[in-house]
Amino acid sequence: MNDVRADFRIRTGVTPVRWQSGTPRPFGYVNGHAEDPITGETLVLVRWPGASTDIPHHPDDLAIID
C-alpha cells in the first residue's frame, strides 16, 4: 500500500488525471491531508487557483507534476 502522505507532500504540484480536452488544465498544489470519515482513506487537500478553500481529492484522481 502506498503512503499517500509521502507521495503527496505539502506544496507538491498536482493536476487532475482526467480532464476534458479543449479546456485549460488546472494546476494546483497539495495543502494538506484529511481522512474520509466513512471509508477511513487518506485524501489529498488541493488548493486550486481561484479557490478560497482546499478541496479533498482521492489520490488516484491526481497526477503529480514533475
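Being of a type outside the set (Asp, Glu), open to solvent by 90 Å² or more (accessible area, probe 1.4 Å) and touching a strand residue (DSSP E or B) at 6+ places or on another chain (Cβ under 8 Å) is the filter here, so list the residues in the range 30-66 that pass it.
49, the sole residue that qualifies.
Give me the pairs: first residue in the range 7-22 and more than 10 Å from residue 65 (Cα to Cα), second residue surrounded by 12 or more Cβ atoms within 10 Å (Cβ to Cβ), beta-carbon distance under 6 Å, and six or more apart or on different chains, which are they?
Once the first residue is more than 10 Å from residue 65 (Cα to Cα) and sits in the range 7-22, its partners that are surrounded by 12 or more Cβ atoms within 10 Å (Cβ to Cβ) give 8/30; 8/44; 10/30; 11/29; 17/61; 17/63.
The values are calculated or read from the model by the stated rules, or taken from the named source; none is laboratory data. In this text the structure is predicted, and so the values were computed from the model without any measurement. Cβ: placed from backbone, ideal geometry, glycine included. Neighbour counts: every protein chain shown. Surface areas here come from the heavy atoms of the whole protein model, side chains and all, with no ligands, DNA or RNA. Shrake-Rupley method; radii C 1.70, N 1.55, O 1.52, S 1.80 Å.
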